[in-house]
Amino acid sequence: MNRAFEIVVDYWPGWIILWLTAMFLAIVVAPPFNEEVTPGEFDFLPAGSQSLEAEQFFRQTFDKDLLRSLVVVSVRRTSRPEGLTSKEEFAEVDRDQKSDLEFIENDLRKRLEEILNRHSDDFVTQDEPTPPDPDDDLQLEAGEEEEPDEEQEEDEPAGDVVTFSDRLLGQLLISDDRQASMVLVELPNDFLDARNGNIIADIEHLVYGDSEFRSQIPPGLELSVSGTATVGRDMNVEAENSAKATEWVTMVLVILMLLAIYRSPILAMLPLVTVFVVIKITLGVLSTLAAANVIGLFDSLDTYVTVVTYGAGIDYCLFLIARYREELEKGTNYRDAVSGALAYTAAPLAGSAGTSIIGIGLMIFASHKKFQQAGVGISVGLTIALLASVTFTPALLRLTGRWAFWPNIPQENPGDSHGWVARSSLLGRLVESGMMERFWVYLAAVISRWPGRLWRNFVLIMLPFAVIAVLNYNNLSYGLLSELPDDSRSVVGTRAVQEHFPPGRLGPTNILIHNEELNFLREEQVELIRDVSDRLYRHRERLGLIDVFSSAYPLGMTPEGLKKQETLEDPGTRAFAAARRAAIRARVMNQYVGKKQPYAEHVTRIDLVFDQDPFTEGSIAQLDAALVELQEILPELLPGESEIYALGPTASIRDMKIVTDSDQVRINILVLLGVYAILVLLLRKPAISLYLIITVFFSYLVTMGVTMTVFWALDPSGFAGLDWKVRMFLFTILIAVGEDYNIFLVTRIDEEAKRTTPVRSILRALRKTGSIISSCGFIMAGTFSALMAGSLLGMQQLGFALAFGVLLDTFIVRPILVPAYLVLLERRYFGKYSEMLGATPRRSSEVPEATTVS
């Protein structure tokens, strides 16, 4: 091993060239990270998820793709109780005035269609046939198959604009109070697809910025933009802005903290240069692997990799430089000081980094692909950071030599002057003044005198927050809107829509019923679906249902919907009664009965609108109750065997909750066992290693409780729980990184135990490592806090939780709970069980130690 250190120290120019070349290749040769990212939210669910199977079955059965994204332009008039104006309401003298409904149909719809035509190249080419034009239904008789249209316009856009004038859906696009109407712009791309950005920007410019168009808007009419595609666009924009803000804030915070510690710009830049090179190489490696289809990447992964690698990489460099300074204080020359620092820190660094790498890397066993990718990406970053800290950083120390401490350049023989290195840093000046030394001596004395009391008091203070975390452990938020800032246009537009339409209207749950013995095109089978719909609607209060749509009730089952359906089915004049009924029936069947073989007429659809937001946890319970109800009534009402599929936002987050809850249990067990195994291998003390695991896990629960309390206090009425990603990332990162500091402390205890008694070795190790570990923890927490610079709520929650957790571990767990327990152990506080719990075996001639430290 010493020979390896000599190679690093003596051939330092080659190591610098090697690392800089690797960075150059990562920047120039590797594909851009953003180009290899997979967009989407629910696409990261495992392949066997029920909602994904339902979506696949839907595409195999229906022509019209409900899974496409929407831009919703809401038009409302709240200034008059009657709501939107129509031509019939105007007096004879005002007939030339444009009504609200005329504006929607003649102006807004026309301009939206022009935008779709301009952006036809931004759409994904659809393999499915274009849905039939409603007017063509007049040519269909009941039960007849529709002939394919052989002549279609080549330049027809893939998107559609649907307004209140649509013969079937139009009745649903005007609110019951008639004060609002939705205009739907259907896009074929996923709601998080970046290609939606340009068309949404044009629609927003039309609604908010086009002065010519706005002059055509009737006075008092309000327009806003929302919909799933708008939410996805805002998520992409905020994620990109958050990533940029986080990276810049991280760099600024690290620079300021390093300057505060060292007061030497060159010495402060060495860890920063190391980590900068590491980040560039890491992102290049990940994008190259993704381009080769070896791994996948999600859109925020680079942010998490950057923050964790920055914090850990800086810590590794700080420990190396701290030992380097100790060697210089002994009078060692610069070359041998670097070699000695490597000899003392390489093993603890490898153990510390190995704990984090393996602990976080165990996320690859998660079912959710985002956790898998995070486990791979962060572990790669930590591995490269470890290699750089023991090769690239020592080479930079050799390059800079005594100039690393500029402007306080020391003399050639460092050991001739006491406190020589100390004068070049703020930390050193505090040491020179005795303040920090007295603090750690005082803390060691307090622990020596009252270890049990100190341990008990701090545990009792922290315990209530751990209880809060346990009681609310599954209180998570899966919402997309809840992550966005309140002033995002999609949030503002959605709130405007929800003032007039039920929350579930924009995200209904689609139930597919497959029964090979039934032909749902036949009238008698429609009557069976009527019975099913009636049973569901009869229990609407228990199930949380607002409305039910089906082939029997295409406009819903509310009194307003039934009234609209009566108007729709009014035969009018006898000459067109049969044709009109046939057209309506064909359109309804096209909407609610499958068309693609081999399933086709054996599949029907029922849409459920719940009274809760489809992205909240409460809607999951409502969907579960509705599925249980269907499983009970279908065998009773339908002959044969029926298969039930559920798709839609609620079905997707239901699967996400099932998968993440299962992943959390699996990863918790694997990470705890994996980190424990590493601790036992490194420390050779199974019982003490178990205590270290327990303390960090307790710290994790306390951090969860504090984070929940803080964000609830910031928004008591709007707090829906922590973002679903926070729980998993916080656990793996905090458990793995938190043990780093315990490893450094316990390995130093073992080093000191060779020269003194067990209790004194504990207290001396605390004094020796207190300053550097606290500095590292402070920098790590500051790095994690940079996540709060982003605008996404989930990232802010994770940044706060990680920063608080690291500070808690650095200033409470590691310097108080761990040494206090070890002192109790060495003093045989647990009696005959002390040695079994890890106390040093006492020789028969050994005299008990004093209980105080001067």
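The values are calculated or read from the model by the stated rules, or taken from the named source; none is laboratory data. In this text the structure is predicted, and so the values were computed from the model without any measurement. Ideal geometry is used to build each Cβ from the backbone, glycine not excepted, and the neighbour counts take in all protein chains shown. These area figures cover heavy atoms from the full protein model, side chains too; ligands, DNA and RNA do not enter into them. Shrake-Rupley method; radii C 1.70, N 1.55, O 1.52, S 1.80 Å.
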Residue within the range 495-505 that is surrounded by fewer than 21 Cβ atoms within 10 Å (Cβ to Cβ), touching an Asp or Glu at 6+ places or on another chain (Cβ under 6 Å) and assigned to a helix (DSSP H, G or I) present:
yes
Do you know which of the residues in the range 447-474 that are surrounded by 15 or more Cβ atoms within 10 Å (Cβ to Cβ) and under 26 Å from Leu787 (Cβ atoms) is nearest to the chain's Cα centre (by Cα)?
Tyr473
Pairs, please: C-beta under 6 Å, at least 6 apart or cross-chain, first residue within 19 Å of Gln612 (Cα to Cα) and of a type in the set (A, V, I, L, M) and in the range 478-491, second assigned to a helix (DSSP H, G or I) and open to solvent by 50 Å² or more (accessible area, probe 1.4 Å)?
Val491/Leu481
So Ala346, is it surrounded by fewer than 24 Cβ atoms within 10 Å (Cβ to Cβ) and either among the small types (Gly, Ala, Ser) or not in a helix (DSSP H, G or I) (or both)
yes
With the requirement that a residue be at pLDDT below 90 and open to solvent by 60 Å² or more (accessible area, probe 1.4 Å), what does the range 600-635 give you?
Asp611, Gln612, Ala621
In this structure, does Asp299 turn out to be of a type in the set (Asp, Glu), touching a residue at least 12 places away in the same chain (Cβ under 8 Å) and surrounded by fewer than 23 Cβ atoms within 10 Å (Cβ to Cβ)?
yes
Inside the range 310-326, can you point out the residues that are over 10 Å from Pro271 (Cβ atoms) and aliphatic (A, V, I, L, M)?
Ala312, Ala322
Checking Ala47, Ala22 in turn, the sole residue that is crowded, with 18+ Cβ neighbours inside 10 Å and small (Gly, Ala, Ser) turns out to be Ala22
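Let's see how each residue does on (1) of a type in the set (Asp, Glu); (2) part of a helix (DSSP H, G or I); (3) in contact with a Ser or Thr (Cβ under 6 Å, 6 or more places away or on another chain); (4) in contact (Cβ under 8 Å) with a residue 40 or more places away in the chain:
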position: Ile669; (1), (2), (3), (4): no, yes, no, no
position: Ile678; (1), (2), (3), (4): no, yes, yes, yes
position: Leu690; (1), (2), (3), (4): no, yes, no, no
position: Ile693; (1), (2), (3), (4): no, yes, no, yes
position: Val706; (1), (2), (3), (4): no, yes, no, yes
position: Val710; (1), (2), (3), (4): no, yes, no, yes
position: Ser717; (1), (2), (3), (4): no, no, no, no
position: Ala736; (1), (2), (3), (4): no, yes, yes, yes
Only one residue in Glu527, Glu516 is in a helix (DSSP H, G or I) and open to solvent by 10 Å² or more (accessible area, probe 1.4 Å). Which one?
Glu527
Step by step: first the residues of the range 536-564, then only those that are within 15 Å of Leu172 (Cα to Cα) and open to solvent by 20 Å² or more (accessible area, probe 1.4 Å), then the one that is modelled with the lowest pLDDT. Which residue is that?
Lys564
Let me spell it out: the conditions are (1) modelled with pLDDT under 85; (2) over 34 Å from the mean Cα position of the chain (by Cα); (3) outside any loop (DSSP other than H, G, I, E, B); (4) not hydrophobic (A, V, I, L, M, F, W, C), and Glu113 meets all of them except one. Which number is the exception?
(1)
Run down Tyr334, Tyr316 and say which single residue is open to solvent by 30 Å² or more (accessible area, probe 1.4 Å) and not charged (D, E, K, R).
Tyr334
Select from the range 209-247 the residues that are assigned to a loop (DSSP other than H, G, I, E, B) and of a type outside the set (A, V, I, L, M, F, W, C) and write down the one among them that is nearest to Ser74 (Cα to Cα).
Gly227
Going through Arg767, Arg760 one at a time, which residue ends up being part of a helix (DSSP H, G or I), farther than 15 Å from Asp723 by Cβ, among the basic types (Lys, Arg) and in contact with a Phe, Trp or Tyr (Cβ under 7 Å, 6 or more places away or on another chain)?
Arg767
Starting from residues that are of a type outside the set (A, V, I, L, M), part of a helix (DSSP H, G or I) and touching a Ser or Thr at 6+ places or on another chain (Cβ under 6 Å), keep the ones in the range 248-281 and report whichever is surrounded by the most Cβ atoms within 10 Å (Cβ to Cβ).
Tyr262
Odd one out for Gly340 among (1) farther than 21 Å from Arg398 by Cα; (2) free of Cβ contacts under 8 Å to residues at least 24 places away in the same chain
(1)
Residue in the range 164-180 that is open to solvent by less than 20 Å² (accessible area, probe 1.4 Å) and at pLDDT 90 or above present
yes
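Table: residues versus (1) closer than 26 Å to Phe371 by Cβ; (2) modelled with pLDDT of 90 or more; (3) buried (at least 19 other Cβ atoms within 10 Å of the Cβ).
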| position | (1), (2), (3) |
| --- | --- |
| Ile669 | yes, yes, no |
| Val706 | yes, yes, yes |
| Phe711 | yes, yes, yes |
| Gly721 | yes, no, yes |
| Lys725 | yes, no, yes |
| Leu730 | yes, yes, yes |
Scope the range 760-784; condition buried (at least 23 other Cβ atoms within 10 Å of the Cβ) and farther than 16 Å from Pro815 by Cβ; matching residues:
Ile779, Thr783, Phe784
Scanning the range 254-278 for residues that are in contact with a Gly (Cβ under 7 Å, 6 or more places away or on another chain) and at pLDDT 90 or above gives Thr274, Val275, Val278
Within the range 673-692, work out how many residues are open to solvent by 70 Å² or more (accessible area, probe 1.4 Å) and within 18 Å of Ser356 (Cα to Cα).
4
Sole exception among (1) open to solvent by less than 30 Å² (accessible area, probe 1.4 Å); (2) part of a helix (DSSP H, G or I) for Phe697, by number:
(1)
Got a number for residues in the range 476-494 being touching a Leu at 6+ places or on another chain (Cβ under 7 Å) and open to solvent by 20 Å² or more (accessible area, probe 1.4 Å)?
1
Against the condition open to solvent by 60 Å² or more (accessible area, probe 1.4 Å) and within 20 Å of the chain's Cα centre (by Cα), how does Glu238 come out, does it pass?
no
I'd like the full set of residues that are of a type in the set (Lys, Arg) and either within 31 Å of the chain's Cα centre (by Cα) or more than 24 Å from Glu499 (Cβ to Cβ) (or both), limited to the range 184-225.
Arg195
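Matching residues to (1) surrounded by 15 or more Cβ atoms within 10 Å (Cβ to Cβ); (2) assigned to a strand (DSSP E or B); (3) aromatic (Phe, Trp, Tyr); (4) at pLDDT 90 or above:
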residue: Ala4; (1), (2), (3), (4): no, no, no, no
residue: Pro13; (1), (2), (3), (4): no, no, no, yes
residue: Ala26; (1), (2), (3), (4): yes, no, no, yes
residue: Pro31; (1), (2), (3), (4): no, no, no, yes
residue: Gln56; (1), (2), (3), (4): no, no, no, no
residue: Leu66; (1), (2), (3), (4): yes, no, no, no
residue: Val73; (1), (2), (3), (4): yes, yes, no, yes
